Amino acid sequence: GTTVRALDMHPAGHTRLPRYVRGHRGVVTHAHPAFVFPDTHAHGRGDDPQYVYAVQFAAADLWGEGDSEGEHTVSVDLFEPYLEAA
C-alpha cells in the first residue's frame, strides 16, 4: 500500500526499469524476495541481490485519459533501487 515513484533515470547500460513507468507514481501491492540485480550482474559487478516489488500504476497516468472510467491499471515488478518514496 506504500506510494512510490519510479526513478526517472536513463543509464547508458542495462536496466530493467521500463521507460513508460519512469517518473510515475504507483502503489506497492506485493513484496517479492530478493533476486540477482541485473543492472550490476550484466556488467560483471556481482549479483547484488535486491528486493522486487509489484507496483500498480493507473493506466491513465501512463498513457493519458483514454481510460475514461479510470479503472484500468498496469502492474510492473520493479527492483528496489528503481523506486523512491513519493
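The values are calculated or read from the model by the stated rules, or taken from the named source; none is laboratory data. Here the structure is a predicted model, which means the values were calculated and not measured. As a convention, Cβ positions derive from the backbone with ideal geometry for all residues, glycine included, and neighbour counts pool all protein chains shown. SASA here: full protein model, heavy atoms, side chains in, ligands and nucleic acids out. Shrake-Rupley method; radii C 1.70, N 1.55, O 1.52, S 1.80 Å.
In segment 35-57, the residues that are in contact (Cβ under 8 Å) with a residue 24 or more places away in the chain and polar (S, T, N, Q) reach residues that are open to solvent by 70 Å² or more (accessible area, probe 1.4 Å) and assigned to a strand (DSSP E or B) with C-beta atoms within less than 6 angstrom, at least six apart or across chains, in these pairs: GLN56/THR29; GLN56/THR73; GLN56/SER75. Answer yes if at least one residue in segment 62-76 is small (Gly, Ala, Ser), surrounded by 16 or more Cβ atoms within 10 Å (Cβ to Cβ) and either touching a His at 6+ places or on another chain (Cβ under 6 Å) or at pLDDT 90 or above (or both), and no otherwise. Checking segment 62-76: not a single residue is small (Gly, Ala, Ser), surrounded by 16 or more Cβ atoms within 10 Å (Cβ to Cβ) and either touching a His at 6+ places or on another chain (Cβ under 6 Å) or at pLDDT 90 or above (or both). Taken over segment 47-61, the criterion of being at pLDDT 95 or above and in contact with an Asp or Glu (Cβ under 6 Å, 6 or more places away or on another chain) is satisfied by GLN50, TYR51, VAL52, ALA54.
Number of residues in segment 67-86 that are free of Cβ contacts under 8 Å to residues at least 60 places away in the same chain, assigned to a strand (DSSP E or B) and out of contact with any helix residue (DSSP H, G or I) (no Cβ under 8 Å at 6 or more places or on another chain) equals 2. Applying the criterion of at least 3 residues that are among the small types (Gly, Ala, Ser) to the strands (runs of 3 or more DSSP E) found wholly in segment 1-66 leaves 25-35. Scanning segment 1-52 for residues that are of a type in the set (Phe, Trp, Tyr) and open to solvent by 80 Å² or more (accessible area, probe 1.4 Å) gives TYR20, PHE35, TYR51. Any residue at all in segment 53-63 that is out of contact with any Ser or Thr (no Cβ under 7 Å at 6 or more places or on another chain), closer than 17 Å to ALA86 by Cβ and hydroxyl-bearing (Ser, Thr, Tyr)? Taking every residue of segment 53-63 in turn, at least one turns out to be out of contact with any Ser or Thr (no Cβ under 7 Å at 6 or more places or on another chain), closer than 17 Å to ALA86 by Cβ and hydroxyl-bearing (Ser, Thr, Tyr). Evaluating ALA86 against the criteria (1) within 18 Å of ASP8 (Cα to Cα); (2) at pLDDT 95 or above; (3) open to solvent by 30 Å² or more (accessible area, probe 1.4 Å); (4) of a type in the set (A, V, I, L, M) leaves one unmet condition, (2). Selection of segment 1-22 for residues being over 15 Å from HIS43 (Cβ atoms) and polar (S, T, N, Q) yields THR2, THR3.
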